[in-house]
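Worksheet for the structure shown next.
The values are calculated or read from the model by the stated rules, or taken from the named source; none is laboratory data. Predicted model only: the values in this text are computed from it and were never measured. Backbone-built Cβ (ideal geometry, glycine too); neighbour counts: all protein chains shown. Note: areas computed on protein heavy atoms with side chains; ligands, DNA, RNA excluded. Shrake-Rupley method; radii C 1.70, N 1.55, O 1.52, S 1.80 Å.
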Number of protein chains: 2
Amino acid sequence: MSVPPHRLASRLTVSSVEITPVALKDPPLLNASGCHEPFQLRSIIRVRTTDGIVGVSEAYGDDGTLGLLNRVAAVLPGLDVFDLNGLTHRVVDTLGAQSVAMFTELLGPASPDKTAAVAVGAFEVAFLDAQGKAVGRPVADLLGGAVREHVDFGGYLFYKHAEHPDGTAPFEPDAWGAALDPDAIVEQARTMVDRYGFGSLKLKGGVFAPREEIEAVKALRRAFPDHPVRLDPNANWSVEVALRAAAELEGELEYLEDPTPGIQGMAQVAARTSMPLATNMCVVCFADLPEAIGADAVQVVLSDHHFWGGLRACQRLAGICETFGLGLSMHSNSHLGISLAAMVHVAAATPNLSYALDTHWPWKTEDVIRPGVLEFRDGAISVPTAPGLGVEIDEDALAELHEQYVRCGVRRRDDATHMRRFDPSFTGARPRFS
Amino acid sequence: MSVPPHRLASRLTVSSVEITPVALKDPPLLNASGCHEPFQLRSIIRVRTTDGIVGVSEAYGDDGTLGLLNRVAAVLPGLDVFDLNGLTHRVVDTLGAQSVAMFTELLGPASPDKTAAVAVGAFEVAFLDAQGKAVGRPVADLLGGAVREHVDFGGYLFYKHAEHPDGTAPFEPDAWGAALDPDAIVEQARTMVDRYGFGSLKLKGGVFAPREEIEAVKALRRAFPDHPVRLDPNANWSVEVALRAAAELEGELEYLEDPTPGIQGMAQVAARTSMPLATNMCVVCFADLPEAIGADAVQVVLSDHHFWGGLRACQRLAGICETFGLGLSMHSNSHLGISLAAMVHVAAATPNLSYALDTHWPWKTEDVIRPGVLEFRDGAISVPTAPGLGVEIDEDALAELHEQYVRCGVRRRDDATHMRRFDPSFTGARPRFS
């Protein structure tokens, strides 16, 4: 045997946990909630074990999540990084019936289950990274083995302003320019496809009147006839509006994502369109699944280890999707390389996670990891083969982004307030289009 | 880091696979299919890796299963033992649309999915054992970590004859004697509880008229008022008979297992009793779940890594049961210590696998593993803490039981033919009681 029995068994216990909030420059991307602020927040988690192995992870960086993560971090020392069930147990014990508001209201109301899932997901990735480093295996191997060498992502298109309102962003405007009509969206798509090789496209909708977004989809289809296209109005349409839009888009979309709020609303739309409906809004935790499946409300679930409870929870969800004939893709919030690596590992090890995944990656100009591992080629990322997640923290970059966090003063996501700087009449009430 | 990166990564590939059929002496236990023959068959699987680690597993030993396992074994060399998805892929590639009759007809008709699941389950356990040995961790740690130190089992009571018919068993009768009425069942239960400390009891029914089995349950309840009792008629009752029996047993049983055949039949019974219905007959693969859940046909699923597709598949099933509010227990066929260890590891690492598990263990007098690891105390087995499954093969015992296999001539399970040696009128048609 290459490793003596018990050599590792007693040694992989957590000795300390470090959580470092960071802020990233963000372009003024538009969505149903409003507009991305100049800075978006993440937290970088480092779990150190008694023998010096460090597992890394990445989570939301708003104050609510940070408070949650710090409370849990305090009870992790002594826990074995292989004991993922023990992690869940400590999280639930520590948080009890506490509910922390979700990072974005698009994930629905807070609940104790969702709160626990966010905390478990954050640390589970670090535990798996540590496990992989300890045994010399990539995380995908710990999840059943990679079924694909490359994981496909889609080009994520956003309506956007050219720059943040005067005085709100202490940095130069991004190079993308404004995208406020179909032509500009097509141009944005062209740049994305040229630069990253994406083989499918997704438009973040729910921003302009459905008519305009339908025209944008049609323009994309004409410009990229071989690219599957998705549209995500983020539940900003009433059932009636969604039904009219679905009729007009029939056959044009790979799937229509969250056209309208709620499982029952989605079910009403699903019953009258042949296009698959996808969601990361009305099915965001295991408790949502029975009703959604019973109502045949959605045909594709967009998984996300940050709020489903980690990579193994995503695989549990994958098993449910496979069993009940649901498609499975993966949702993105703005994220850094640690989370991108985590997404790649779990997608690689999940046979039925076969749709291209979402990522905000092209909108990001900074990172905490050393470059070189995660490069897009033909719209895909190669599964890292080094132990653990296969990414390494760049200490200087991390320190700089933490300084940026300290300086920027943003402590929770608030797209609506920023939107009102462009459009004082914006209320954020949804569905806006009815 | 205690293990250099990549040290293990390139080394844990399968170099050879050895499959050894064994035969075990079996008492004349009665069930819906007939009577256990004097010998029952298992196969012992050894997966050797290029660096000398050997993972062990145990599967059915009938000719159909052996043929299946040998076909798959031929394509495993070169596969990484961490690549469990690759194992599934090679199995499916090798077997294609082939269906091999299930080890027992109680699991329903053969299908390509079930056939693949049997093969995957057989080798996955050996792969996990090898993984655990390689990294110095018990299998429970590879499945998320043990949530309990001991796994509870129930005392599995059988109607039985005192001995096999003259000339059919080349060994002395067992020490249990006949059990053909309620008093004898209570006596059998007393011995089991005294000897193993079981805290719950299960009667294998579907053998005698429902009236007699109901009386046996009531006798058990009187004799063991603190022991939850289960009854398993193995779908040998019509819906009408099941409904009458359920009404009479209302409140007496922890659950009623497979009273009647089929999901729709079970649903008719479930709708009219408050007792949970359990199954390992109408829900035996993932494809069965949607209909069963939709019809609210069962409240407890009895998992079994041998036919669900391995330990990780059992955890996938556990996730579905948790999500849909189903209970989860574990089914037993006659098995040896390797499979008992596998059951203990997966049960330990599955929080909602909280019912006492089934085991035929007390009916077995031989084994292929070295004694000492798996000992019942208070009806429970302690989770082995050594790397892998934590059990070791006793080469002499294995050789002896293989010799017994060669000599005995039994090559497939046939309880009905043996039953006719006691009762020439036995047809095996089910449901027998209608």
> the range A:379-413 to the range A:198-231: how many Å between their Cα centroids?
Replying inline: 30
> In terms of the Cα gyration tensor, with a ≥ b ≥ c the square roots of its eigenvalues, is the protein assembly as shown rounded because a/c is under 1.5, prolate because a/b exceeds b/c, or oblate?
Replying inline: prolate
>> As I understand it, the value is the acute angle between the Cα axis of helix B:311-323 and the longest principal axis of the Cα atoms of chain B; what does it come to in degrees, rounded to 10?
In response: 50
>> Run the reach check for B:Lys218 against aspartates and glutamates, Cα to Cα strictly under 14 Å, same-chain hits fewer than 8 apart removed. What comes back?
In response: B:Asp181, B:Asp183, B:Glu187, B:Asp226, B:Glu248, B:Glu250, B:Glu252, B:Glu254
> Around B:Leu203, which amide H atoms from residues at least 5 apart in sequence, or from another chain, sit under 5 Å from its own amide H, with H modelled in the peptide plane?
Replying inline: B:Leu157, B:Arg230, B:Leu231, B:Asp232
>> Which residues belonging to the range A:79-115 lose at least 30 Å² of 1.4 Å-probe accessible area when the assembly is complete, relative to their chain isolated?
In response: A:Phe82, A:Asn85
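Please report, in debye to the nearest 20, how large the charge dipole of chain A is about its Cα centre when each Lys and Arg carries +1 at its beta carbon and each Asp and Glu carries -1 there. Provide the component values of the computation, followed by the final result.
Details: 37 positive and 56 negative charges, 137 e Å.
Here chain A has a charge dipole of around 660 debye.
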> Given the pairs A:Lys114/A:Lys202; A:Lys160/A:Lys364; A:Lys114/A:Lys204; A:Lys202/A:Lys364, which are separated by over 22 angstrom at their Cα positions?
Replying inline: A:Lys114/A:Lys202; A:Lys114/A:Lys204
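What is the interface area between chains B and A, defined as buried accessible area summed over both chains with a 1.4 Å probe, reported in Å² to the nearest 100?
Working: alone 16570 and 16570 Å², together 29530 Å².
Using a 1.4 Å probe on protein heavy atoms, the buried area is about 3600 Å².
Calculate, in nm to one decimal, what A:Arg71 and A:Asp194 gain on full extension: separation in residues at 0.36 nm each, minus their alpha carbon distance.
Numbers: separation 123, 0.36 × 123 = 44.28 nm, distance 4.44 nm.
Computed gain between A:Arg71 and A:Asp194 is 39.8 nm.
Indicate, rounded to the nearest 5 percent, the antiparallel portion of the DSSP beta bridges found entirely in the protein assembly as shown. Write out the running numbers ahead of the final one.
Working: 58 of 100 bridges.
Approximately 60 percent, going by the DSSP bridge assignments.
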>> I'd like the FRET efficiency for A:Ala399 and B:Glu403, computed as 1/(1 + (r/R0)^6) with the beta carbon distance as r and R0 of 60 Å, rounded to 0.05.
In response: 0.30
> With labels modelled as points extended 7 Å from the Cα through the Cβ direction, what inter-label distance (nm, one decimal) is found for A:Arg222 paired with B:Ser15?
Replying inline: 6.5
> Could you give the angle, 0 to 90 degrees to the nearest 10, between helix A:210-223's Cα long axis and the longest principal axis of the Cα atoms of chain A?
Replying inline: 80
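Where nothing but the Cβ of Lys and Arg (+1) and of Asp and Glu (-1) is charged, how large is the charge dipole of the range B:296-434 around its Cα centre, in debye to the nearest 20? Let's see the in-between values first.
Numbers: 13 positive and 17 negative charges, 122 e Å.
The dipole magnitude comes to about 580 debye.
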>> Need the per-residue list for the range A:307-340: every residue with at least 20 Å² less accessible surface in the complex of protein chains than in the chain by itself, probe 1.4 Å, sorted by number.
In response: A:Arg312, A:Arg316, A:Gly319, A:Ile320, A:Thr323, A:Phe324
>> What distance in nm separates the two pseudo spin-label positions at A:Arg411 and A:Gln98, each 7 Å out from Cα along the beta-carbon direction?
In response: 1.6
> Which value, in Å² rounded to 10, gives the accessible area of B:Asp296 with a 1.4 Å probe and all protein chains present?
Replying inline: 100
>> If you fit an axis through the alpha-carbon atoms of helix A:112-135 and take the longest principal axis of the Cα set of chain A, what angle between them do you get, 0 to 90°, nearest 10?
In response: 50
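To the nearest 20 debye, what charge dipole does the protein assembly as shown have about its Cα centre, counting +1 at the Cβ of each Lys and Arg and -1 at the Cβ of each Asp and Glu? Working shown, then result.
Details: 74 positive and 112 negative charges, 33 e Å.
Charge dipole, the protein assembly as shown, about its Cα centre: 160 debye, nearest 20.
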> Tell me which lysines have Cα within less than 24 Å of B:Lys133's Cα, excluding those fewer than 8 residues away on the same chain?
Replying inline: A:Lys133
> If you take the charge dipole of chain A about its Cα centre, with +1 on Lys and Arg Cβ and -1 on Asp and Glu Cβ, which of A:Gln188, A:Thr104, A:Gly86 is farthest toward its positive end?
Replying inline: A:Gly86
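Quick check on chain B: helices-only [θ] at 222 nm, where DSSP H runs of length 4 and up contribute -39,500 (n - 2.57) each and the sum goes over total residues. Nearest 500, please.
Details: 14 runs with 156 residues, N = 434.
It lands at -11000 deg cm²/dmol.
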> Using a label point 7 angstrom from Cα along Cα-to-C-beta, what distances in nm, from shortest up, separate A:Asp226 from the other copies?
Replying inline: 7.3
>> Just to confirm my numbers, what's the Cα centroid distance between the range B:325-357 and the range A:78-149 in Å?
In response: 24
> Around B:Gly319, with a cut-off of 10 angstrom between Cβ atoms, what is the net charge of the other residues, counting Lys and Arg +1 and Asp and Glu -1?
Replying inline: +2
>> Check which residues have an amide H placed less than 5 Å from B:Leu29's amide H, if you skip close sequence neighbours.
In response: B:His36
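How many Å² of accessible area per residue for the range B:116-237, probe 1.4 Å?
Details: 4010 Å² over 122 residues.
In whole numbers, the range B:116-237 has 33 Å² accessible per residue.
Give the shape of the range B:214-316 as rounded, prolate or oblate, defined through the alpha-carbon gyration tensor: a ≥ b ≥ c are the square roots of its eigenvalues, a/c under 1.5 means rounded, and otherwise the shape is prolate if a/b is larger than b/c and oblate if not.
Oblate shape, in that a/c is at least 1.5 and b/c is the bigger or equal ratio.
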> Ignoring any ligand, DNA or RNA, what whole percent of the accessible area of the range A:232-385 comes from carbon and sulfur when the probe is 1.4 angstrom?
Replying inline: 46
> Got a sec to turn the phi values of the range A:346-356 into Karplus ³J(HN,Hα) couplings, 6.51 cos²θ - 1.76 cosθ + 1.60 with θ = phi - 60°, whole Hz, x for Gly and Pro?
Replying inline: 6, 5, 4, 9, 10, x, 8, 8, 10, 6, 4
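Skip the ligands, DNA and RNA, and give the accessible area per residue of the range B:22-96 with a 1.4 Å probe, whole Å². Don't jump to the answer; show the numbers that get you there.
Details: 1840 Å² over 75 residues.
Spelled out: the 1.4 Å probe surface of the range B:22-96, per residue, equals 25 Å².
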>> Per residue, how large is the accessible surface of the range B:239-387? Use a 1.4 angstrom probe and give square angstrom.
In response: 30
> Hey, if you put +1 on the Cβ of every Lys and Arg and -1 on every Asp and Glu Cβ in chain B, which of B:Phe198, B:Val120, B:Phe171 ends up farthest toward the positive end of that dipole?
Replying inline: B:Val120
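Given a 1.4 angstrom probe, I'd like the percentage of the accessible area of the range A:1-123 that is carbon and sulfur, rounded to a whole number.
Numbers: 2040 of 3760 Å².
Within the range A:1-123, the accessible surface is 54 percent carbon and sulfur.
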>> Run the paramagnetic zone check for A:Asp181: 7 angstrom along Cα to Cβ, then residues of the range A:214-235 with backbone nitrogen under 18 Å.
In response: A:214-223
>> Run the simple label-point estimate for A:Ala295 and B:Glu212 please: 7 Å along Cα→C-beta, distance reported in nm.
In response: 5.3
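Please arrange B:Val229, B:Val193 by accessible surface area, largest first, computed with a 1.4 Å probe and ligands excluded. Mind showing how you got there, number by number?
Values: B:Val229 0, B:Val193 30 Å².
Of B:Val229, B:Val193, the descending order of accessible area is B:Val193, B:Val229.
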